[in-house]
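The values are calculated or read from the model by the stated rules, or taken from the named source; none is laboratory data. What you see is a predicted model, and the numbers here were worked out from it, not measured in a lab. Here Cβ is always computed from backbone atoms with ideal geometry, including for glycine, and neighbour counts include all displayed protein chains. Note: areas computed on protein heavy atoms with side chains; ligands, DNA, RNA excluded. Shrake-Rupley method; radii C 1.70, N 1.55, O 1.52, S 1.80 Å.
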Amino acid sequence: MDEDKKFPDFLLKGFVSSSQTEETFSLSSFQGKWVIFYFYPRDATPGCTKEAIAFTEKLEEIRSKGVEVVGVSTQSVESHQKFAKKYNLKHILLSDDGSLSKNLGILGVTGTAARTTFLVDPQGFIVKDWKKVKVAQHVEEVLEAIDEQCNC
């Protein structure tokens, strides 16, 4: 998937930490907003946990720029709920049935998504993507891109 392409539409269930509820989301749920969609392989594994915590720690700063953060993996909503509660995660976690990851070309042979992040503009176009994410500095790279791309 190249930058400046439309992010694929989807219909997925997710866990919303702020309300402790399960909700269904589509791309239009985020219409008119900038969104960071970060894909990760598995809940509660070391790299995925570090990445999710880093996004939670910077969530207020990211949202202050008008950008929403959404984590996506192929695990169940129940798994996401446990993950969010255990690590006090504050952003939406979507449960991908594999279709979104496949449409983006990031679904691995094991059925998990490759660690990839997309910055999507309010019209639903990918303006920046990160493949082969290195967790340690990733959130800082995302913040820099938000400042460059969003004019927020």
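Summing charges over all other residues whose Cβ lies under 12 Å from the Cβ of GLN31, with Lys and Arg as +1 and Asp and Glu as -1, gives -2.
In sequence order, the stretch 17-23 has phi-based couplings of 4, 4, 10, 6, 10, 9, 9 Hz under the Karplus curve 6.51 cos²θ - 1.76 cosθ + 1.60, θ = phi - 60°, and Gly or Pro positions carry x.
Heavy-atom surface analysis with a 1.4 Å probe gives the stretch 1-144 a carbon and sulfur content of 49 percent of its accessible area. Subtracting the Cα-Cα distance of GLU148 and LYS6 from their residue separation scaled by 0.36 nm leaves 49.2 nm.
Segment SER99..THR45, full-extension length gain: 17.2 nm, with 0.36 nm per residue of separation and the alpha-carbon distance subtracted. Per residue, the chain exposes 49 Å² of accessible surface when a 1.4 Å probe is rolled over the protein heavy atoms with every protein chain present.
The residues packed around GLU78, meaning those with a beta-carbon under 12 Å from its beta-carbon, carry a net charge of +1 if Lys and Arg are +1 and Asp and Glu are -1. Taking amide H positions as placed in the peptide plane 1.01 Å from N, state which residues far from ALA113 in sequence (5 or more) or on other chains have amide H under 5 Å from it. The list, which skips near neighbours in sequence, is THR74, GLY108. Taking a point 7 Å from the Cα of GLU23 along the Cα-to-Cβ direction, the residues of the stretch 72-111 with backbone N closer than 11 Å to it are 92-93.
Between amide H atoms placed 1.01 Å from N, distances below 5 Å from SER95 occur with LYS13, GLY14, PHE15, all of them 5 or more places distant or on a separate chain.
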